[in-house]
Amino acid sequence: MNLKSIINLGTNQQSFSSANRIRTMNIIGLITVAISFLYSLNYILFLDNPSVGFINLGFTFAYFVTNVLTAKQQPKIAKIWFFSVLMLHLLVCTNVYVTNASGFHLYYFLVPTGAFLLFELRERLEQVTLSALAMVLFFYCENTVNEAPLIELSAQVNHMLYQSVVFFTMLEVIVVLYIFAKQIDKNEKQLTLQASTDSLTRLANRHSFLPRVNHCSIKLWRINSHLLWC
């Protein structure tokens, strides 16, 4: 199975807008798997703490379950699962692995944005609930000091982790906004095509000629105005 097939998992028999949201969810799931895997390698190879690294690999696998759920035509459950795992993972990172000086809890800012972009408009309860929970957990992590972290980090390493969190947060936001910008452009082109062609014959209808008629009318008006002034 190639990357394109994974991204399109669960899009069969879905509406155009729902399929786009599912594709975006699959992409975000894969990106998060990659980021979590990199952090796992960091814990094992550079911070010399294999136990934390293998625990983190468990979260990495949990993120991949998101794509499995979408493949089984369960997009709503997949989204709830993804954000639930993400928020639990951030809580563990901040209050078990290390401390809030690492900045892992800043990833909570992604939850409200992702929830309102990825869930359907009718799924307001899920959007509001996940966003509110992310806010509560962020302030909990922000104001709770982990006195006995599994990994003792220097101020320099904490700063590097903090910068990595900011970098990956910005990267995910850029990717998601880029995907949605492309989808909006694609939707506009599709709507324009539907409005200007006959659904049965696929021939141009009268709506497709109106801009040309208006353009020609303006040109004729300018020519007549010029002749009158002459």
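The values are calculated or read from the model by the stated rules, or taken from the named source; none is laboratory data. Nothing here was measured: the structure is a model prediction, and the numbers come from that model. For neighbour counting, all protein chains shown are included, and Cβ atoms are generated from backbone atoms with ideal geometry for every residue, glycine included. These area figures cover heavy atoms from the full protein model, side chains too; ligands, DNA and RNA do not enter into them. Shrake-Rupley method; radii C 1.70, N 1.55, O 1.52, S 1.80 Å.
Things worth noting here:
- Residue in segment 91-107 that is closer than 30 Å to His159 by Cα, part of a loop (DSSP other than H, G, I, E, B) and hydrophobic (A, V, I, L, M, F, W, C) present: yes
- Residues in segment 108-125 that are over 25 Å from Met170 (Cβ atoms) and touching a residue at least 40 places away in the same chain (Cβ under 8 Å) were compared, and the one that is farthest from the chain's Cα centre (by Cα) is Glu123.
- Among all positions in segment 49-62, there is no residue which is within 22 Å of Tyr178 (Cβ to Cβ) and of a type outside the set (Gly, Ala, Ser).
- Residue that is nearest to the chain's Cα centre (by Cα) [pool: residues in segment 34-51 that are over 12 Å from Leu161 (Cα atoms) and not hydrophobic (A, V, I, L, M, F, W, C)]: Ser36
- Unique residue being free of Cβ contacts under 8 Å to residues at least 60 places away in the same chain, of a type in the set (A, V, I, L, M, F, W, C), open to solvent by 40 Å² or more (accessible area, probe 1.4 Å) and in a helix (DSSP H, G or I) when the list is Ala34, Ala19: Ala34
- Of all residues in segment 128-162, those satisfying the criterion of being open to solvent by less than 100 Å² (accessible area, probe 1.4 Å) and polar (S, T, N, Q) are Thr129, Ser131, Thr144, Asn146, Ser154, Asn158.
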